[in-house]
Amino acid sequence: MRPDSAKVRAVIARNFAELDNAHMKLTACAALGDHPPTTFLALARQALYNDALSGAIRVYDDHKDAHSLWYVLRCHRKEAEGALAACGTTWVVLEQTSDRLRRIRNRTQFHIDRQSIGDPPETWHKPDIDAAELAAGVRLAAGLLAALARMLDAAAAPLRLSDYDGADAQVSPLSVSSVEPGSPDRSP
């Protein structure tokens, strides 16, 4: 039995919002660039990445009780086949992405896995998915949800990821170095 269409639309909207948020955070991460590991900007970049990763983990959660991308795909299998074809992907690619994100969730993101106890710094420095792969997974899931939303309700407004470009995340060297540790804030 298919669930109420209003419920499915709500699930699609909630998951798409999660993906849009992850997309903007990953864009900001890319715009921030690399910084020495013990600086605020490096910590901020890591926090943005981890939050985007958490959002992707929620969307790709394939647990039977999760109202995620997989819930929508299971509820509308026929339409999902069309959406997969329209997005140029397969069930296998989605399953592989879900598996990778599940391993991250279980190993480092939400649990302290016994396998990661031996060398915690190594666990954090070798991500199972890099930013480019995560961004591709976010775009793929967003594309699938947008395609499914249009298939289920052709009159609905199309779902699109925000066009945030991260330009405001640029930090000038002057603004970072103008305040020395221990000195009063010199900003206007």
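The values are calculated or read from the model by the stated rules, or taken from the named source; none is laboratory data. Computed from a prediction, not measured in an experiment: that's the story for all the values here. Virtual Cβ from ideal backbone geometry, glycine too; neighbours counted across all protein chains shown.
List of remarks:
- Top-ranked residue in the stretch 21-53 [being β-branched (Val, Ile, Thr) and more than 12 Å from the chain's Cα centre (by Cα); ranked as modelled with the highest pLDDT]: THR39
- Residues of the stretch 7-64 satisfying the condition of being charged (D, E, K, R), assigned to a loop (DSSP other than H, G, I, E, B) and without any contact (Cβ under 8 Å) to a residue 12 or more places away in the chain: ASP34, LYS64
- Test result for TYR71, surrounded by 21 or more Cβ atoms within 10 Å (Cβ to Cβ) and more than 17 Å from ARG139 (Cα to Cα): yes
- If you go through the stretch 20-68 and keep only what is more than 26 Å from GLU95 (Cα to Cα), among the charged types (D, E, K, R) and surrounded by 17 or more Cβ atoms within 10 Å (Cβ to Cβ), you end up with just ARG45.
- Check on ALA44, touching a Cys at 6+ places or on another chain (Cβ under 8 Å) and within 20 Å of ALA131 (Cβ to Cβ): no
- Enumeration of residues in the stretch 13-33 that are out of contact with any Leu (no Cβ under 9 Å at 6 or more places or on another chain) and acidic (Asp, Glu): GLU18
Results for (1) closer than 15 Å to ALA141 by Cα; (2) in contact with a Gly (Cβ under 7 Å, 6 or more places away or on another chain); (3) not acidic (Asp, Glu), shown as yes or no for each residue.
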{"position": "PHE16", "(1), (2), (3)": "yes, no, yes"}
{"position": "ALA31", "(1), (2), (3)": "no, yes, yes"}
{"position": "ALA47", "(1), (2), (3)": "no, no, yes"}
{"position": "LEU53", "(1), (2), (3)": "yes, no, yes"}
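- Residues that are acidic (Asp, Glu) and more than 27 Å from LEU32 (Cα to Cα), drawn from the stretch 144-167: ASP153
- For the stretch 115-126, the count of residues that are at pLDDT below 65, within 25 Å of ALA47 (Cβ to Cβ), surrounded by 10 or more Cβ atoms within 10 Å (Cβ to Cβ) and among the acidic types (Asp, Glu) is at least one.
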